[in-house]
Amino acid sequence: MASQSTKSYAQRGEEHQHPVARKLFNIAESKRSNLVVSADIEDTESLLKCADDLGPYIAVFKTHVDIVRDFSDATIQGLKSLAKKHNFMIFEDRKLIDIGNTVQKQYHSGALRISEWADIVNLSVLGGDGIVDALTQTVTSPDFPFRGQRGFLLLAEMTSRGSLATGAYTSQCVDLARSFPESTFGFVATRALTADHSQRTSSHEDFVIFTTGINIESRGDTLGQQYQTPAEAVRRGADFIIAGRGIYASKDSVVAAKRYRDEGWDAYMERVGNVNL
């Protein structure tokens, strides 16, 4: 059974070795929110409106910009401006997976220019450790303009039915995260993962868990997605809960965001024992 952190976000923000994690915990603490909105929206105007409407209630705004049909510099500048206005971080759910040379180009150049605007990006290590090594070299280079402002999550598990991200693959994600602490600060996973403290490379190891598939009203969809509630996810070790259609596709997305925020925060407070919050 993996262990979950019972420290407060404030404590973890003070102690964490990664600057992105420190900023993330400070945002969560100041806004009393561990909510991530997954905005799978297909045009810039609607995407930015969603970010503006829900920004006050979230810690992170998660995008899939490769589905935004009119993606442009206006999308980038709009997201950056709203992140500053509402004090949230941007997580591009790109699931980078390729050889190291290719992912460096996908991340730092190309049409999407992800490194310019996304605080957080997730990676799949299906192809081995080359992707993490390559992108670590990118973000730690003295020439990288956003050095110390970018971090990676490893895609350790998925919530879709029949996912192959299990077992040895998930264990390899943990090993790789421990090998690249200067770039990688956590996982996309359904639970806490790091029970084996004997394998720790640092006494300050603290991996942040982002859990997808959060929905209060539904247990799944017709395409294999499986949902859990905010409280269920936090009890299993989620530090940040990711909700999409349950919020942005609801009749009143602001009301829905507040509900998810409150349920996620209440579950977090219960987990840490309401101490020093």
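The figures follow:
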read-out	value
For peptides 245-257, 79-91, sequence by mean Cβ density within 10 Å, most packed first	79-91, 245-257
Cα-Cα over 29 Å, subset of K7/K84; K105/K258; K31/K80	K105/K258
The chain: most fluctuating residue of E92, E217, E263 per GNM, C-alpha cutoff 10 Å	E217
Evaluated at q = 0.13, 0.15, 0.25 Å⁻¹: base-10 log I(q)/I(0), Debye formula over Cα of region 40-139	-0.46, -0.60, -1.29
Inter-site label distance for A249 and R178 at 7 Å from Cα along Cβ, in nm	3.9
Spin-label pair E232/K80, simplified geometry with 7 Å Cα→Cβ offset, distance in nm	4.0
The chain: antiparallel DSSP beta bridges as a percent of all, rounded to 5	5
Pairwise label distance in nanometres, D53 with D133, each label 7 Å out on the Cα-Cβ vector	4.6
Percentage relative contact order, the chain, counting C-alpha pairs under 8 Å, at least six apart	21
By average C-beta atoms within 10 angstrom, highest first, the peptides 117-126, 178-187, 14-23	117-126, 178-187, 14-23
Surface/4 of the Cα convex hull for region 50-98, nm²	3.8
The chain - mean residue ellipticity at 222 nm from DSSP helices (-39,500 (n - 2.57) per run, n ≥ 4, rounded to 500)	-11500 deg cm²/dmol
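Only the coordinates and a few stated rules stand behind these numbers; no lab work does. Note that the structure is a prediction, hence the values are computed from the model and not measured. Quick reminder, even Gly has a Cβ in these numbers, built from the backbone with ideal geometry, and neighbours come from all protein chains shown.
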